[in-house]
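If you scroll down you'll find the structure; I have some questions about it.
The values are calculated or read from the model by the stated rules, or taken from the named source; none is laboratory data. As the structure is a prediction and not an experimental result, all values here were calculated from the model. Here Cβ is always computed from backbone atoms with ideal geometry, including for glycine, and neighbour counts include all displayed protein chains.
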Amino acid sequence: MEEEDDDHYFVADSPYVDSTSDTAAHNPTEYSESESDKEVESETKKNYSLDWNKEFQILLSKPDSINKFQKLASINRDFVYVAETYGRIIISEQFLDDNMKTIQPKLIGGTAGGTKYVTQNILFKFANDPIITTPARQFRYGGSKENIEKASKAAANELKGITVFYHAAIAQLNVPLMTVIHYRGFCLIASSILPIESDTLVYGSNDGGTTVFCSPEVSELMERIGKHLNLSKHIIHGQVIIGPGDIEIHKGKDDRYYAIDFGRLMPPEDPQGRNRPGNPVFYDLLRPIFVQRYHQSLCSDALTGWLITDPQKDQ
């Protein structure tokens, strides 16, 4: 049996478009092997250097029509195509010295989330398993040992989370374009650049729960999310939160609310009696349809340290 060339193993998923319906014109794996990654980058840059988020939000704000949905499908296919093209370059060059890389890494939001890259108004980050405690070297997903497989599963949970959040259809809560790319055994999360910074956070926490924000206006919107997804309220350092404590909702520079970090939106499965490595409460999550149909609301932060200050944590 002829061995398959892993250069042609490339999978990308998106919550907004069925990538399996893309034509060959939007599939970077259809290029001839003689075409270099830099040639692909040069050609792509000519056509797709645009503000993905701005175009996406403008389309979403228009009245429903066939034309609107056709344009949404088109921009989503284009986004997936560009993310695939540049994602392949980033993964292929990840072990080169930085000064030799086609796309230079960026220091954004600290180093806890791993190395990040920005190009074509798209943020790329590897699905990694960061160290959360030192000197004991405990990893977020793998526990005592790094586990990239479970980190990739967490990336898939990010995509599932943004999908159900988006389909809750709360018009005032916006999300970025996003896709997850699998190539040569590595996983990249690609999302459109948003007009947000660390000082625009109004709901949730970006520092592991040390500081928790809870805007009254956003809290009302999140209550609607909670009812749609059957998620319960809980208390983190005196703030009432719906969803995981590390979800972030920002008041963008364009006055829109943007939600990010959906990897733990669904509650975790109970790890008791299940032989799973590391910290399964961060990657083994309940299916959205199960949570929505459960007879009582469930907590996104159940079984985790995020509930340590909640008086009802044991219920």
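Given (1) assigned to a loop (DSSP other than H, G, I, E, B); (2) within 17 Å of G243 (Cβ to Cβ), where does I196 come up short, assuming only one miss?
Of (1) assigned to a loop (DSSP other than H, G, I, E, B); (2) within 17 Å of G243 (Cβ to Cβ), only one is false for I196: (2).
Within region 87-184, considering only strands (runs of 3 or more DSSP E) that don't extend past its boundaries, which have at least 1 residues that are modelled with pLDDT of 95 or more and not basic (K, R)?
The qualifying strands (runs of 3 or more DSSP E) are 116-119, 122-126, 178-183.
Follow-up question, since we're still on this one. So for region 230-250 (the condition being closer than 27 Å to I132 by Cβ and among the basic types (K, R)), does at least one residue qualify?
Yes; the residues of region 230-250 include at least one that is closer than 27 Å to I132 by Cβ and among the basic types (K, R).
In addition: Going residue by residue through region 214-233, is there one that turns out to be more than 23 Å from the chain's Cα centre (by Cα) and outside any helix (DSSP H, G or I)?
No, region 214-233 contains no residue that is more than 23 Å from the chain's Cα centre (by Cα) and outside any helix (DSSP H, G or I).
Considering only region 254-261, I want to know if a residue exists there that is in contact (Cβ under 8 Å) with a residue 60 or more places away in the chain, of a type in the set (F, W, Y), surrounded by fewer than 16 Cβ atoms within 10 Å (Cβ to Cβ) and over 21 Å from I131 (Cα atoms).
Scanning region 254-261, I find no residue that is in contact (Cβ under 8 Å) with a residue 60 or more places away in the chain, of a type in the set (F, W, Y), surrounded by fewer than 16 Cβ atoms within 10 Å (Cβ to Cβ) and over 21 Å from I131 (Cα atoms), so the answer is no.
Further question: Just give me the residues in region 279-305 being assigned to a helix (DSSP H, G or I) and under 21 Å from R224 (Cα atoms), in sequence order.
Answer for region 279-305, where residues must be assigned to a helix (DSSP H, G or I) and under 21 Å from R224 (Cα atoms): P288, I289, F290, V291, Q292, R293.
Among all residue pairs at least 6 apart or on different chains, which show Cβ distances below 8 Å where the first residue, located in region 263-278, is farther than 20 Å from K160 by Cα and in a loop (DSSP other than H, G, I, E, B) and the second is acidic (D, E) and modelled with pLDDT of 85 or more?
From residues that are farther than 20 Å from K160 by Cα and in a loop (DSSP other than H, G, I, E, B), the pairs are P271/D284; R274/D284; R276/D284.
Would you confirm whether any residue within region 116-125 is without any contact (Cβ under 8 Å) to a residue 24 or more places away in the chain and closer than 18 Å to I91 by Cα?
For region 116-125, residues without any contact (Cβ under 8 Å) to a residue 24 or more places away in the chain and closer than 18 Å to I91 by Cα: present.
Follow-up. Return yes or no: is E220 among the charged types (D, E, K, R), modelled with pLDDT of 95 or more, farther than 23 Å from E146 by Cα and surrounded by fewer than 20 Cβ atoms within 10 Å (Cβ to Cβ)?
For E220, the condition - among the charged types (D, E, K, R), modelled with pLDDT of 95 or more, farther than 23 Å from E146 by Cα and surrounded by fewer than 20 Cβ atoms within 10 Å (Cβ to Cβ) - is met.
Taking the stated definitions as given, is G204 assigned by TED's automatic domain parsing to the domain that holds F262, in contact with a Phe, Trp or Tyr (Cβ under 7 Å, 6 or more places away or on another chain), at pLDDT below 95 and not polar (S, T, N, Q)?
Judged against the criteria, G204 is not a match.
Oh, and also: If you check V17, V40, which single one turns out to be at pLDDT below 90, surrounded by 12 or more Cβ atoms within 10 Å (Cβ to Cβ), outside any helix (DSSP H, G or I) and in contact with a helix residue (DSSP H, G or I) (Cβ under 6 Å, 6 or more places away or on another chain)?
From the options V17, V40, the qualifying one is V17.
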